[in-house]
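Heads up: the structure comes next, in structure tokens.
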Amino acid sequence: MNTLSFLRRAAVSSACLAVTGLFAASASSADWPQWLGPDRTGVVPAGVPVPSSLPKELKAAWRINVGSGFSSPVVVGDKLVYADVDEKNEICHLIDTKNAREVWKTLYAPAKGDNFGNGPRATPVVDGDRVYVQSVSGEFACLSMTDGKKIWGMSFEKDYGVAFLGGNSDTGTSRRRGNNGSPVVDGSHIIIPVGSTEKGTLVCLDKLTGKQLWAGGNDETAYSAVQVATLAGVRQAIVLNAEALLSLDRTTGKTLWRVPLKTAARRHVATPVILGDRVLVNSHTFGTIAFKVVKQGDEVKAFEDWKNPAMKINLATPVLLNGNLFSHGPAKNFVCIDPATGEQKWVAPGFGKDNSSVIGLGKNLLVLTDDGQLVFVAGEAGAYRELGRVQACGKNWNYPAYAGGRLYVRDARELVCYPLL
């Protein structure tokens with residue numbers, strides 16, 4: 001290993017330990033309240049009980065019928081929120097995790113979609129006594145967790161001029177396939193990927209009132225969710241949009257840096273992965289790239305740190321565990337990547353067609369393939385080691401949720417609760 005590789009590896013490892021320690025100190029529960037879990041990394045926080053193996057056959061605590069959609073369930077305490085669609089409307093549901101009893105449901109937007117189907121794409125966000133939902137067409141609503149009543153709302157089209165065009169459009173942006181990019185709550189604010197070329201790529205609102213605080217960027221959105229992180233000592237809101245990897249000042253919405261990453265289909269899907277002062281992004285076109293963020297005087301800039309053009313990860317967001325990246329890779333493979341260099345450490349076949357959802361559980365990985373297989377994999381860099389495999393659901397692009405020792409899995413027909421402890 002050369003000196004540069006050693007320093008990069010050490011920097012990534014130190015950053016991982018710092019982030020893990022910070023979250024472990026601040027976490028108060030084992031909830032799964034948003035896209036990619038408590039701290040938006042796809043990793044269960046340290047100290048939360050996790051299984052050491054998979055049963056040979058999964059036994060459901062309960063299962064319920066649901067409508068279609070690619071939105072994922074979220075869990076806070078004994079409450080689970082999911083969004084689906086009937087023939088006319090997108091609907092937000094709150095159920096009791098103990099018995100799947102429905103507490104309330106709220107119709108929040110007309111049913112729309114494309115040739116992949118109808119139904120919500122974005123995952124709800126639960127924050128305190130409120131839940132935030134976002135429709136395919138860009139109807140956004142803040143609902144009460146108590147009774148599901150709407151507290152405030154806004155419209156991407158009416159308020160920002162971003163109309164959903166559906167499958168008949170030839171654009172590759174969210175205006176065609178739907179608004180997939182999940183918003184993020186940060187402190188007293190919520191940051192939403194609206195995708196207006198005139199009124200802001202990202203919009204920051206007061207989470208209690210819906211009042212706009214700032215809007216920044218002039219790119220259309222693709223399908224990637226927003227990340228908020230401190231890089232090079234500066235708090236930033238980061239999104240992989242249809243044209244570029246964009247960073248805005250978290251306080252003001254001013255553009256800090258922008259790296260053009262325009263591709264033929266403009267179909268950027270995966271959420272950026274934060275690696276200390278680096279940001280990693282992946283695509284079916286440009287492969288996987290890591291950018292180093294630095295502060296030079298009063299300016300914040302991003303420079304390419306490494307690039308692996310062959311690592312064409314399409315839909316999946318890699319998960320950082322034990323100092324290594326794990327992801328559904330090109331074709332039907334699962335891969336381990338060195339986050340310091342981008343080098344592939346190993347590859348294993350047999351992981352669905354297009355996508356796998358990955359959750360870091362202690363030292364291991366829980367992988368849900370898009371054909372519904374649940375695979376338990378050792379989070380090791382030396383070689384692929386499978387610890388168990390069992391069928392969990394049908395075809396899906398829905399990320400599961402892990403909370404309280406239970407795994408909540410959803411496909412186009414059912415939502416199922418599997419106790420794993």
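No value in this document is a laboratory result; all are computed from the given coordinates. This structure is a prediction, so every number in the text was calculated from the model and none was measured. All Cβ positions, glycine included, derive from the backbone under ideal geometry; neighbour counts span all protein chains shown.
What residues have an amide H closer than 5 Å to that of Leu407, excluding those fewer than 5 places away on the same chain, when H is modeled at 1.01 Å from N in the peptide plane?
Result for Leu407 returns Tyr418, Leu420.
Working out 0.36 nm times the residue gap between Arg235 and Arg101, then minus their Cα-Cα distance, what length gain in nm do you get to one decimal?
Value of the extension gain: 44.2 nm.
Count neighbours as other Cβ atoms within 10 Å of each site's Cβ, and list the GluC sites (Glu not before Pro) in segment 339-416 that are DSSP loop with at most 14 such neighbours.
The qualifying sites are Glu343.
Subtract the Cα-Cα distance of Thr197 and Asp170 from 0.36 nm times their separation in residues, and report this length gain in nm to one decimal.
8.0 nm
Ranked by Cβ crowding within 10 angstrom, fewest neighbours first, how are Leu315, Leu143 ordered?
Ordered by Cβ neighbours within 10 Å, fewest first: Leu315, Leu143.
Give the order of Leu165, Leu374, Leu275 when sorted by the count of other beta carbons within 10 angstrom, beginning with the fewest.
Lowest to highest Cβ neighbour count: Leu165, Leu374, Leu275.
Sort Glu102, Glu157, Glu87 by Cβ crowding within 10 Å, fewest neighbours at the top.
Glu87, Glu102, Glu157
Can you work out ³J(HN,Hα) from phi for every residue in segment 238-247, in order, using Karplus 6.51 cos²θ - 1.76 cosθ + 1.60 and θ = phi - 60°, giving whole Hz and x for Gly and Pro?
For segment 238-247, the Karplus-derived couplings read 10, 9, 8, 9, 6, 10, 6, 8, 10, 10 Hz, x marking Gly and Pro.
Under a 5 Å amide H to amide H cut-off, with H placed in plane at 1.01 Å, what residues pair with Arg130 once short-range neighbours are removed?
When sequence neighbours closer than 5 places are left aside, the close amide H contacts are Met145.
Rounded to the nearest 500, what is the chain's calculated 222 nm mean residue ellipticity when only DSSP H runs of at least 4 contribute -39500 (n - 2.57) each, over all residues?
That comes out to -2500 deg cm²/dmol.
Using amide H atoms built in the peptide plane, which far-off residues or other-chain residues are under 5 Å from Thr97 H to H?
Under 5 Å from the amide H of Thr97 lie the amide H atoms of Lys79, Leu80, each far enough along the sequence or on another chain.
Dividing the alpha-carbon Rg of segment 320-421 by 2.2 N^0.38 Å yields what?
After normalising by residue count via 2.2 N^0.38 Å, the value is 1.04.
What are the ³J(HN,Hα) values, in whole Hz, obtained from phi via the Karplus relation 6.51 cos²θ - 1.76 cosθ + 1.60 with θ = phi - 60°, for each residue of segment 201-212 in sequence order, with x given for Gly and Pro?
5, 10, 10, 10, 10, 5, 5, 8, 10, x, 5, 6
Extension gain Lys150-Arg413, at 0.36 nm per residue separation less the Cα-Cα distance, in nm?
Difference between extended and current length: 92.0 nm.
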